[in-house]
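Report on the structure given below.
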Amino acid sequence: MFNMQDIYFKSDEEALIKLKEIGILSKTKEVSDLSEIIYKEKNKKNEIKSYKCEVLGYSWKKTNPECINKIYENLIVKSNNKIFHINIDYLKEMQKNKKERIQKGHFAHLVTGPRKGVIVKITNMKLNPQEDILLTAIQKGFNDAMKTNYTKHQISQIYTDLYDILEYNEDFTEFKLMKDFSQCSLGHKTNNYKFIESSFSVAEINNKNHKRVVAIDFETANAKRESVCSIGFIVQEDNKILFEKEILVNPKCEFSKRNIKIHNITPMDVVDCPDWSEAWPEVQQYITSDTLVIAHNLRSMELPCIRKECERYNMSIPNFAKPRSKMAYDTLKLAQDLLPSAENHKLSTLTKMYNIELEHHNALSDAKACLKLFNILQEEI
């Protein structure tokens, strides 16, 4: 028999190749995924704890002098400041269990002080997981439970160690936050612990994926969505304003007294103005494949207007206005997620909160205010 030999990896690339070869990592993984390997052990309270695990190398031996292939016996790993050998199959099993648990929900235990805290179960997390989005999710859960309106920075000052482990499934579309639940039971509610379940979908949106942002706002002649009489839009690229404009539109329909009172646009103001088929292409030219279109109450107002008007004039509905598009985002939803304790989430209320200039129901002013609000709230994420 040959003695065991320890072989240490000389590079991350070598480690990746070996771990794929023995099945610890799948064939699609990259070097960055080496940091996602998990090791589990029981603590003094007989609780299973999970730790990040660094695979340093492997040990092998030959069964006889004629044997050509190396026989992998154990891996050399470093976890929780200890270096030791572990059976390959054991480590494989730990990674499998990780994937199974992900499907059961996303929990975060937010400790706020001795014997106090918030347990948040976050569901409906189908998105590309990034740290800023995770923090937004936790922030929302914390604020919902504590009836507060703290920013990410303020919450981080209240508790430390945001999460013990961040786990991803193989295609990076779901994640799980894990905290130490030794102080409490998920099935047991007390005055000291608040348990909430929150369905949270951050859209839909990751602003870093969009080079250009176009904020739009419409005013209508009457209660119907196919009666747009004014379009305001502003174009931002790389955080710089490229263009802004208000376009009066002839809706070719009756004006209601109520709507005239709201925006002060009359039939005489638009009699010689272009209709939707002529006005909308001027906006559309600024909306490219990497553009995010935003508006306040976009889902109820701007998107239905676009669909109705395009149908009315036999025009193609733009991709961002189609159902389930990720090219459009509603700042109303963003404000509701980030500012749960606000008096309300109307544009007029939020602009006062952040001292944003607004001439309400002037389409261009509303669009500009929407963009400024969006930029401010992005800093909160």
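Here each label is just a point 7 Å from Cα along the line to Cβ, and for Lys27 and Asn375 those points are 4.8 nm apart. One quarter of the surface of the convex hull around the alpha-carbon atoms of region 286-330 equals 3.1 nm², the direction-averaged projected area. The charge dipole of region 207-380, taken about its Cα centre with unit charges on the Cβ atoms of Lys, Arg (+1), Asp and Glu (-1) only, comes to about 560 debye. A Cα-only calculation for region 296-367 places Rg and Dmax at 14.3, 43 Å.
As a rough footprinting exposure proxy, the listed residues Lys27, Lys352 were ranked by other beta carbons within 10 Å of their own, and the order from fewest upward is Lys27, Lys352. Please state the equivalent ellipsoid semi-axes for region 207-380: what are the square roots of 5 times the Cα gyration tensor eigenvalues, largest first, in whole Å? With the √(5λ) rule applied to region 207-380, the semi-axes are 25, 19, 14 Å. FRET efficiency for the Lys211 to Ile241 pair, using the beta carbon distance and R₀ = 22 Å, is estimated at 0.95.
Just so you know, all these numbers are worked out from the coordinates, no wet-lab data involved. Owing to the predicted nature of the structure, the values given are computational and were not obtained by experimental measurement. Here Cβ is always computed from backbone atoms with ideal geometry, including for glycine, and neighbour counts include all displayed protein chains.
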